[in-house]
Amino acid sequence: MINKTTLVIMAAGMGSRYGGLKQIDPVGPNGEIIMEYSIYDAIKAGFSKIVFIIKEEIEDTFREVIGKKIEGIIDVEYVYQKLDNLPNGFSVPEGRIKPWGTGHAVLCAKNAVKTPFAVINADDFYGANTYKLLNDFLSSNSDSDDKYKYCMVGFIIENTLTENGHVARGVCNVDAAGNLLSIHERTKIMKFDDETKYTEDDKNWITIPKNSIVSMNTWGFNQSIFNELENGFPTFLKNSKDNILKAEYFLPTVVDNLIKADKADVKVLSTTDKWYGVTYQEDKPTVKKSIGDMVLSGKYPKLLWEK
């Protein structure tokens, strides 16, 4: 029997570069949002539950736009990413308004997730193959006695860029057997003609090799990740005192630390699919056209949730 699996969707980001609540901005021919295509693909791949990580103040809107459409089709649960969801002895620093990052977001879902699970961003279109790869791995890979068994869907960097500005990606080092050796979160990556470069200081731009594999926050985990996230969060907060108003607890950084400590094996499941996303308002027409073309070609039905 195939194990049950959960899809965790991170939808609590503020969409600062985009200038609006991009998670619920329509892109499909009948007003569908990107998330609906992700959920449609996940259900087809065999996932049995959806957990949304959201900000509490958008729950009513969120249920109206997406929740009501799928609540009769798949098990759904909502969890909140709250700034004050902190370990004992810590409090929200004065002036902090930004969420604590992807590692904290997943940690907020701990009580809602009871199975192996995948994690995705709400505003990224990954393609059906991503969900099949994730579900197949999660259904057949439990932690061993001495190692956590996780996975990541790896995209070719050139398939994940926008023409309209910079993006953040986890740039991966992968061995010949497809195991993740390390991952470095690069928060400012841009296209320069036929090259891709990143900067850490807004002055020096460093070339990223062609066809590099990057993480798009598409992860597959067993339950063990929750304890690791919980254990690492206080250390992150202590080490971030000098940048406490902006520092983020990145999920890829936690995974990278587990690999370095020889506690986790992370298999990179490669896909040649193109990523689509709305990092910026100017990205939206491209995404709408691409999804419209997929509907016309029969990859998706015109009405996703037609009974």
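We did not get these values from a lab; they are worked out from the coordinates using the rules stated. Because the structure is predicted, anything quoted here is derived from the model rather than measured. Glycine also receives a Cβ, built like all others from the backbone with ideal geometry; neighbour counts cover every protein chain displayed.
Cross-link reach is defined here as a Cα-Cα straight distance under 17 Å, omitting same-chain residues fewer than 8 places apart; for K267 the lysines meeting it are K132, K147, K149. What you get for the chain, charging only the Cβ of Lys and Arg (+1) and of Asp and Glu (-1), is a dipole of about 240 debye around the Cα centre. Once every DSSP H run of n ≥ 4 in the chain is given -39500 (n - 2.57) and the sum is divided by its residues, what mean residue ellipticity at 222 nm do you get, rounded to the nearest 500 deg cm²/dmol? Dividing the helical sum by the residues of the chain leaves -7000 deg cm²/dmol.
Annotation: the antiparallel percentage among DSSP beta bridges lying fully within the chain is about 55. Put in order of Cβ neighbour count within 10 Å, fewest first, the listed residues I53, I43, I189, I73 become I73, I43, I189, I53.
Separation of the stretch 194-232 and the stretch 49-112, taken as the distance between their Cα centroids, equals 22 angstrom.
Counted by neighbouring Cβ atoms within 10 Å, the residues K246, K188, K49 run from fewest to most as K246, K188, K49. What is the chain's relative contact order, in percent, from Cα pairs under 8 angstrom and six or more apart in sequence? Once normalised by length, the contact order is 25 percent.
Return the Rg/Rh ratio of the stretch 190-246 with Cα-based radii and a Kirkwood Rh. Ratio of gyration radius to Kirkwood radius for the stretch 190-246: 1.12. Average projection, convex hull of the Cα set of the chain: 16.7 square nanometres.
Sorted largest first, the spans of the alpha carbon positions of the stretch 153-263 along the three principal axes are 43, 38, 20 Å. Search the structure for amide H atoms under 5 Å from the amide H of V76, placed 1.01 Å from N in the peptide plane, and list their residues when 5 or more places away or on another chain. Those qualifying (amide H under 5 Å, at least 5 residues apart or on another chain) are I50.
The residue among I43, V171, I183 whose Cα reaches farthest toward the positive pole of the charge dipole of the chain, with charges on the beta-carbon of Lys, Arg, Asp and Glu, is I43.
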